[in-house]
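The values are calculated or read from the model by the stated rules, or taken from the named source; none is laboratory data. Computed from a predicted structure; not experimentally measured. For neighbour counting, all protein chains shown are included, and Cβ atoms are generated from backbone atoms with ideal geometry for every residue, glycine included.
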Amino acid sequence: MYQVIHLSAECFPVAKVGGLGDVAGALPKYLNQAGVPSCLVMPRYNLKWNAAHVSHSVFEGVCSTEHFNIPFHIVKAAQDTLGFDLYMVDIPGILFRDQVYGYDDDAFRFIFFQQAVLHWLCSWEQKPSVLHAHDHHCGYAAFMAAHCYDFHPLRNIKTVFTIHNGLYTAPVPHDYARFFPHFPREVGGLLEWDNRIDPLATAIKCSQKVTTVSQGYLQELQQQQSSYSWLYQEYAYKSFGILNGIDTQVWDPNTDAYLTHKLSEQNWLGFKQKNKEEICKRFRFDPNLPLCVFIGRLTGEKGGDLIAPSVGEFVHQTKGMNFFLLGSGSPNLEDALRHISGVFPENVANYIGYNETLAHEMYAAADFLIMPSFVEPCGLNQMYALRYGTIPIVRSVGGLKDSVKDFGDFEGYGIRFDQGTVQDILYSLYRAKDLYYSSYTFNHVRALGIKLDFSWETAVKKYISLYYQ
Ligand code: ADP
């Protein structure tokens with residue numbers, strides 16, 4: 001039976017919106033490989049993966065509230081291709097929708113997702129030792145398991161909660177308590193934060209262990225001024241930062257199915273050159289110039305508002321670098337990317353939207369990847385970039401600080417800057433350009449990055465030790 005059950009709203013390749021999907025799609029697999037039987041349960045969405053893959057019902061149940069009942073099924077994916085057993089909660093109309101998030105009733109949807117999982121777990125003869133919930137969508141599970149009468153058989157399960165991004169939570173008014181199964185009145189305060197019911201705060205209070213996806217981010221959460229800082233400080237004794245790994249089987253330049261030109265016989269120069277030429281041909285860029293890419297959500301948190309002004313100014317000053325920008329998010333930031341691509345078509349191109357294939361091609365083709373994030377809990381892009389021979393240019397925050405070393409330091413393999421300003425980014429781009437043209441140092445720095453090991457093995461050992469605690 002399973003020792004660890006993961007609860008997550010996303011899981012690659014079934015449903016991915018960002019890094020949470022990558023982590024949820026890899027961690028159970030690497031736990032299994034390390035000898036800790038693990039599975040994952042997520043909502044069943046109306047997405048491509050589900051249309052193409054068969055799943056079978058393994059449990060039928062009902063979530064009850066005072067005024068209505070919600071029937072649900074737990075389905076299990078038939079094909080065993082993920083490296084772990086995948087279960088999904090099927091609630092037509094509520095969970096089975098065309099997007100993972102973005103609906104007005106998201107809070108309501110995920111309350112019932114968690115309830116359904118716990119009803120199902122109650123029916124297991126042998127309960128898992130650990131329930132590992134990811135991000136605020138699964139933030140009530142620890143509370144419900146410990147305190148709701150309906151879930152009494154689960155009260156001894158240990159709970160771990162991982163914060164992939166502490167900026168996101170979904171507080172709701174007090175009357176949402178009516179959607180929870182009954183619990184003793186005196187524990188109601190555990191659900192509360194700032195006069196609302198808050199899943200992030202509930203999870204931090206009620207889980208036995210809390211983790212963030214890097215040590216640097218944990219420190220920032222504890223030190224920053226926010227309405228949650230007291231919580232992070234108060235529960236520091238049970239909080240740990242564990243840097244994410246990357247799935248080196250999915251992200252493998254030798255076998256990456258998204259790439260036309262794969263790495264062969266460790267010929268890195270050939271690999272980079274062919275992939276770069278391919279992208280440059282598509283956008284009519286000069287392949288002799290350095291190519292810098294951005295891949296990510298266009299939000300303030302990712303420094304999305306700095307991309308257009310910095311790239312625009314840099315290209316205005318020197319036409320010596322090309323930029324390809326992939327992302328989607330805030331409409332005015334999307335417009336800003338379109339605008340600079342229109343003004344500087346020889347040097348700047350964009351793709352507005354989400355495109356997994358293009359992302360892989362870009363990591364393989366680029367010389368540099370820029371991440372001017374204001375907040376970066378871990379960041380996966382810099383690790384994918386390094387694995388594909390692309391030098392990351394990052395702001396020194398959170399997980400970027402923990403995973404990227406400036407090439408000016410001993411054995412450094414990236415470029416780091418401190419301030420989230422156009423000036424600091426311009427300075428870093430000039431450093432990148434100079435580095436590119438000193439080809440011996442450039443190849444040396446790139447080779448140092450390629451050699452790094454960001455595989456899940458290290459992180460998995462830390463999670464296992466936490467589970468044993
Ligand atoms: P986030 O905060 O968005 O979760 P991470 O760095 O943890 O950031 O993970 C981002 C993941 O999403 C990476 O796998 C990255 O390649 C991918 N990604 C982000 N935006 C896009 C996009 N527009 N198209 C394709 N992949 C994207």
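Hey, among the residues in region 253-266 that are without any contact (Cβ under 8 Å) to a residue 40 or more places away in the chain and under 20 Å from Met383 (Cα atoms), which one's surrounded by the most Cβ atoms within 10 Å (Cβ to Cβ)? Selected residue: Leu263.
Counting the residues of region 306-344 that are under 14 Å from Leu291 (Cα atoms) and in a loop (DSSP other than H, G, I, E, B) gives 4. Among the residues of region 288-303, those that are within 21 Å of Glu361 (Cβ to Cβ) and within 16 Å of the ligand (Cβ to nearest atom) comprise Cys292, Val293, Phe294, Ile295, Gly296, Arg297, Leu298, Lys302. The residues on offer are Thr169, Thr202, Thr162, and the sole one that is assigned to a helix (DSSP H, G or I) and of a type in the set (Val, Ile, Thr) is Thr202.
For (1) free of Cβ contacts under 8 Å to residues at least 40 places away in the same chain; (2) within 22 Å of Pro153 (Cβ to Cβ), each residue gets a yes or a no:
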site: Gly35; (1), (2): yes, no
site: Glu60; (1), (2): yes, yes
site: Leu86; (1), (2): no, no
site: Val100; (1), (2): no, no
site: Ser123; (1), (2): no, yes
site: Ala133; (1), (2): no, yes
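Which residues, taken from region 151-165, are in contact (Cβ under 8 Å) with a residue 40 or more places away in the chain and surrounded by fewer than 24 Cβ atoms within 10 Å (Cβ to Cβ)?
Taking region 151-165 and keeping what is in contact (Cβ under 8 Å) with a residue 40 or more places away in the chain, we get 158-165.
Residues satisfying the conditions are Lys158, Thr159, Asn165.
Set side by side, the residues Ala142, Ala107, Ala146 differ, and just one is more than 27 Å from the chain's Cα centre (by Cα), of a type in the set (Gly, Ala, Ser) and assigned to a helix (DSSP H, G or I), which is Ala146. Taken over region 52-65, the criterion of being surrounded by fewer than 21 Cβ atoms within 10 Å (Cβ to Cβ) and either part of a strand (DSSP E or B) or touching a helix residue (DSSP H, G or I) at 6+ places or on another chain (Cβ under 6 Å) (or both) is satisfied by Ser55, His56, Ser57, Val58, Phe59, Glu60, Gly61, Val62, Ser64, Thr65. If only one of Tyr354, Tyr388, Tyr384 is within 15 Å of the ligand (Cβ to nearest atom), surrounded by fewer than 24 Cβ atoms within 10 Å (Cβ to Cβ) and of a type in the set (Phe, Trp, Tyr), which one is it? On inspection, the qualifying residue turns out to be Tyr354. Among the residues of region 309-347, those that are under 24 Å from the mean Cα position of the chain (by Cα), of a type in the set (A, V, I, L, M, F, W, C) and over 18 Å from Asp367 (Cα atoms) comprise Leu333, Leu337.
Each row is one residue, and each column tells you yes or no for (1) away from the ligand (no atom under 16 Å from the Cβ); (2) in a strand (DSSP E or B).
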residue	(1), (2)
Pro13	no, no
Val17	no, no
Gly35	yes, no
Tyr45	yes, no
Asn50	yes, no
Pro71	yes, yes
Ile74	yes, yes
Asp80	yes, no
Gly83	yes, no
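In this structure, Phe283 qualifies as in the same structural domain as Phe442 (by TED's automatic domain parsing), of a type outside the set (Val, Ile, Thr) and modelled with pLDDT under 95.
Among Val17, Val41, Val75, which is in contact (Cβ under 8 Å) with a residue 40 or more places away in the chain, hydrophobic (A, V, I, L, M, F, W, C) and surrounded by 19 or more Cβ atoms within 10 Å (Cβ to Cβ)? Answer to the check: Val41.
State all residues of region 308-348 that are away from the ligand (no atom under 14 Å from the Cβ) and hydrophobic (A, V, I, L, M, F, W, C); if no residue qualifies, say none.
As a first pass, look at region 308-348 and keep what is away from the ligand (no atom under 14 Å from the Cβ): 308-323, 331-332, 335-336, 338-348.
Scanning region 308-348 gives Ala308, Val311, Phe314, Val315, Met321, Phe323, Ala336, Ile340, Val343, Phe344, Val348.
With respect to Tyr363, determine if the residue is within 16 Å of the ligand (Cβ to nearest atom) and touching a strand residue (DSSP E or B) at 6+ places or on another chain (Cβ under 8 Å).
It is true that Tyr363 is within 16 Å of the ligand (Cβ to nearest atom) and touching a strand residue (DSSP E or B) at 6+ places or on another chain (Cβ under 8 Å).
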